[in-house]
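The values are calculated or read from the model by the stated rules, or taken from the named source; none is laboratory data. Computed from a prediction, not measured in an experiment: that's the story for all the values here. Cβ: placed from backbone, ideal geometry, glycine included. Neighbour counts: every protein chain shown. Each accessible area value is taken on the protein alone, full model and side chains, heavy atoms only, with ligands, DNA and RNA left out. Shrake-Rupley method; radii C 1.70, N 1.55, O 1.52, S 1.80 Å.
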Amino acid sequence: MPPPAGTSSAINFNSFTPSLSLGIRGTIGYLWNTQSIEFTNFYIFQNNVNTTVQAPGMLDTLFYNPPLTFLGDGLFRQADAVSVSYGSSLFSSELNYRRWNGGLAGLELIAGLRYIRQNDSLGITTTGTAANQGINALGLLTPNPDTALYQVLCHNNIVAPQLGGEYSVPICSWFSITGMGKAGLGANYLTTDVSYTRGDGLTGFDTKRHAWNFAQIYELGLFTDFSILQKLHLRLGYTTTWLTGLALGNDQLDFNLKGQEARQAFGLPGAVSYTHLRAHETGRN
């Protein structure tokens, strides 16, 4: 539901940019003649970013069709504050076979299998004063808590065979420049959890979906290699990884909270759990 004409945006997905995140990488392998097998893992730690805007009684969200227990101004219209949080993490594991030919100096061919686990999380918290009331354990009317959280959790699991190559250009006896490229095509088993929860823990809905999707992995790298000793080398460089076919947190967001899902809040039979699964692409450095 679009905002009324003449209104301005106080907060949106362009209001924040995730910062770079630390990671760890390691490789072990076995080398014989002109061949090798290597096992490589890396993990980029969870990277969270938050932003909040406050304007008491002046913030209207785009959510509509709320569960019955969430009705009233203060959570969706005329809210006091809105916070958005976003986070992601990335794990990669690959087993590769490398082969090179002495007649083609510097060229290595790569073939292997790769697994990637990519997680996305999105949370939107609204703060205000809910107009409706609930009934406590004693049967007395009590004001509803004045916060609500819309949360999305996405888990992508990609398994793909991959092919690639690496080529080194020697500059001198102890220094060279290397380029690397790999591509993998495979399947992504993705799951999404979408929930809407009131401040006192009451759940309006909690949907869980899973699906299989076609996914692609592309990786490019450029490095400088320093030969310190015969069997000791130092590599410095930059690697970029591009993933497609992912379910991302912001793509699962649906501002239509669906009135039929209010039946879940009352435990009525026939309640329908539903959320859209949309797959998109993302880049990771």
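When Phe13 is tested against (1) at pLDDT below 85; (2) open to solvent by 40 Å² or more (accessible area, probe 1.4 Å); (3) over 25 Å from the mean Cα position of the chain (by Cα), only condition (3) is not met. Residues that are under 26 Å from the mean Cα position of the chain (by Cα), open to solvent by 30 Å² or more (accessible area, probe 1.4 Å) and either charged (D, E, K, R) or closer than 21 Å to Lys258 by Cα (or both) within the range 49-65 comprise Leu62, Tyr64, listed in sequence order.
Across the range 200-220, the qualifying residues are those that are under 23 Å from the mean Cα position of the chain (by Cα) and among the β-branched types (Val, Ile, Thr), and the one among them that is surrounded by the fewest Cβ atoms within 10 Å (Cβ to Cβ) is Thr207. Within the range 221-246, residues that are loosely packed, with under 12 Cβ neighbours inside 10 Å reach partners that are charged (D, E, K, R) with beta carbons closer than 6 Å, at six or more positions or on different chains, in the pairs Arg235/Asp225.
Within the range 89-99, take every residue that is open to solvent by less than 70 Å² (accessible area, probe 1.4 Å) and not acidic (Asp, Glu) and give me the one that is farthest from Asn250 (Cα to Cα).
Once the filter is applied, the top-ranked residue is Arg98.
So if I check each of Gly204, Gly249, which one is of a type in the set (Gly, Ala, Ser), touching a residue at least 60 places away in the same chain (Cβ under 8 Å) and in contact with a Gly (Cβ under 9 Å, 6 or more places away or on another chain)? On inspection, the qualifying residue turns out to be Gly249. Among the residues of the range 30-48, those that are over 30 Å from the mean Cα position of the chain (by Cα) and in contact (Cβ under 8 Å) with a residue 60 or more places away in the chain comprise Thr34, Gln35, Ser36, Ile37.
The set of residues in the range 66-88 being closer than 10 Å to Gly128 by Cβ and either open to solvent by less than 40 Å² (accessible area, probe 1.4 Å) or among the aliphatic types (A, V, I, L, M) (or both) consists of Gly72, Gly74, Leu75, Phe76, Ala79, Ala81, Val82.
Among the residues of the range 149-169, are any under 19 Å from Pro67 (Cβ atoms), at pLDDT below 95 and out of contact with any Gly (no Cβ under 8 Å at 6 or more places or on another chain)?
Of the residues in the range 149-169, the ones under 19 Å from Pro67 (Cβ atoms) are 149-152.
Cutting the leftovers down to at pLDDT below 95 gives us 149-152.
Of the ones still in play, those that are also out of contact with any Gly (no Cβ under 8 Å at 6 or more places or on another chain) are none.
Checked the range 149-169: no residue is under 19 Å from Pro67 (Cβ atoms), at pLDDT below 95 and out of contact with any Gly (no Cβ under 8 Å at 6 or more places or on another chain).
Would you check which residues across the range 12-28 are in contact with a Ser or Thr (Cβ under 6 Å, 6 or more places away or on another chain) and free of Cβ contacts under 8 Å to residues at least 40 places away in the same chain and list them?
Within the range 12-28, just Thr27 meets the criteria.
Restricting Asp251, Asp225 to residues that are of a type in the set (Asp, Glu), at pLDDT 85 or above and in contact with a Ser or Thr (Cβ under 7 Å, 6 or more places away or on another chain) narrows the list to Asp225. Please work out if Glu166 is in contact with an Asp or Glu (Cβ under 8 Å, 6 or more places away or on another chain) and open to solvent by less than 20 Å² (accessible area, probe 1.4 Å). Spelling it out, Glu166 is indeed in contact with an Asp or Glu (Cβ under 8 Å, 6 or more places away or on another chain) and open to solvent by less than 20 Å² (accessible area, probe 1.4 Å).
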